[in-house]
Amino acid sequence: MISKNPFEEIRKKADEVRDIELTVLLQYFGGAKDLRDKTKWHTSQGMISVTGPKFMNWTRGTGGGGAIDLVIHLQGVCFKEAVLWLHDNFSSSFVQRSSPIKSHPVKKRLKLPQKDDKRLPQVTQYLINKRCLPEELIKNLIKSKKLYADIRGNAVFLLLGKKKNLVGAELRGTCKQKWRGMAPGSRKDLGCFYIVGKNNRKMALCESAIDTASFAVLYPECTAISTSGATANPAWLENFIANGCDIYCGFDADETGDSMANKMIKRYPSIKRLRPSKHDWNEVLQSNFL
C-alpha cells in the first residue's frame, strides 16, 4: 500500500484550521481584552491588535495573518507543530472567520491531557533543574494531584473551583520548544491554580502556575494564586475582596503586567501592586541560585 504524502496531510490539516477566529485563540492562551480598545489584547508576548484574520503585535513590531501564524507567534513553535496542535485541540465547533463575530469561544467540555507517569521524571527534572523549584514542593503538588505529566511531557497544573472541583489546567512544555497554554474547555472564571500559604487571607496574584509556585517559595506566608494570564478582573476576585482578604497584584514587570495591574487597582483600590524585581517571580527565584 502506498503511504500518504505527509506534506499533503499537513496541507489539508492547515486548510482546516487556518481560519479559526483569532480572538478564540487569544482567550485560550490567557489574553485579556484592553478595556478601552476592543481590538487590542494584552498577551504574554505584548499588546496585540486583531482586525479580522490579521494581527499586529505593537510591542514587538511584528504581525501576521491566520490562526497558524498566531500560534507560531504566541508559542514560538514551527509551522508543522502549530498546525498539528490546532488540529488536535480545536474542532469545527469553534468560531471560524466566516462565522458571525462573537466575543467568546463556544463553550466546550473540559478535555484534560492524558496522564503519563512515565513522563513524570522529565517534568519534575525540568521544574527542579530549569525552574529552580524545590523538589519537596513538586512532590507535594503531585501528591495533592495538582500537578501531573501528560503524554507529550507537558507539566499540567490543575485549576480547582468550588469544593475543589476540576475546572481546567495550565500546560507548560518541558522540552526545548517553549510552550504554554490551557487545556481545551478550561474555565478560568470558575477556578484557579493556587498554593495555600501560612496566611490564607493574604494573597498574591501571579500570571502563571510556575510563577505562583515560585512566589510560594519566596513568600511562604502568603497564599499564591495564578490568573492563567494577566487580566484586570478575574471572575472570582470580587469574592476574595468581599471577604476582606489582603491582596497583592504580582503580575510580570513588563508593559502588559503593569497595564493590567494598574487597571485592576483602579477597579479595586484595596489591591496593592507587588512588582517582581526581575521580569517574573520565577526569574527572581532563579536569581537566588546564581
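The values are calculated or read from the model by the stated rules, or taken from the named source; none is laboratory data. Keep in mind that this is a model prediction, so the values were computed, not measured. Cβ coordinates were reconstructed from backbone atoms using ideal geometry, including for glycine residues, and neighbour counts include every protein chain displayed.
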Original post:
Looking at this structure, is residue 211 of a type in the set (Asp, Glu), part of a helix (DSSP H, G or I), crowded, with 19+ Cβ neighbours inside 10 Å and touching a strand residue (DSSP E or B) at 6+ places or on another chain (Cβ under 9 Å)?
Top reply: yes
Subject >> Count of the stretch 222-248 residues which are touching a strand residue (DSSP E or B) at 6+ places or on another chain (Cβ under 6 Å), assigned to a loop (DSSP other than H, G, I, E, B), closer than 22 Å to residue 31 by Cα and not small (Gly, Ala, Ser) >> reply: 2
**OP:** Could you tell me which of the residues 117, 88 is more than 17 Å from residue 27 (Cβ to Cβ) and at pLDDT below 80?
**Re:** 88
**OP:** Output yes when any residue across the stretch 197-214 is touching a Leu at 6+ places or on another chain (Cβ under 7 Å), more than 23 Å from residue 33 (Cα to Cα) and of a type outside the set (A, V, I, L, M), and no when none is.
**Re:** yes
**OP:** Would you be able to say whether some residue in the stretch 199-211 is over 22 Å from residue 157 (Cα atoms) and under 17 Å from the mean Cα position of the chain (by Cα)?
**Re:** no
Original post:
Just for the stretch 113-137: of the residues that are over 19 Å from the mean Cα position of the chain (by Cα) and among the aliphatic types (A, V, I, L, M), which one is surrounded by the fewest Cβ atoms within 10 Å (Cβ to Cβ)?
Top reply: 128
Original post:
Residues in the stretch 249-256: is at least one assigned by TED's automatic domain parsing to the domain that holds residue 197, within 20 Å of residue 160 (Cβ to Cβ) and not in a strand (DSSP E or B)?
Top reply: yes
Subject >> Filtered residues of the stretch 132-170 (kept if charged (D, E, K, R) and assigned to a helix (DSSP H, G or I)) >> reply: 135, 136, 139, 143, 162, 163, 164
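Yes/no per residue for (1) surrounded by fewer than 23 Cβ atoms within 10 Å (Cβ to Cβ); (2) closer than 16 Å to residue 274 by Cβ; (3) more than 15 Å from the chain's Cα centre (by Cα):
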| residue | (1), (2), (3) |
| --- | --- |
| 154 | no, no, no |
| 169 | no, no, no |
| 180 | yes, no, no |
| 216 | no, yes, yes |
| 224 | no, yes, yes |
**OP:** Restrict the check to the stretch 262-280 and report whether at least one residue is surrounded by 23 or more Cβ atoms within 10 Å (Cβ to Cβ), assigned to a strand (DSSP E or B) and in contact (Cβ under 8 Å) with a residue 12 or more places away in the chain.
**Re:** no
**OP:** Could you check residue 201 against (1) crowded, with 18+ Cβ neighbours inside 10 Å; (2) assigned to a strand (DSSP E or B); (3) of a type outside the set (Val, Ile, Thr) and say which number it fails?
**Re:** (1)
Original post:
In the stretch 24-63, how many are among the polar types (S, T, N, Q), surrounded by 17 or more Cβ atoms within 10 Å (Cβ to Cβ) and modelled with pLDDT of 85 or more?
Top reply: 1
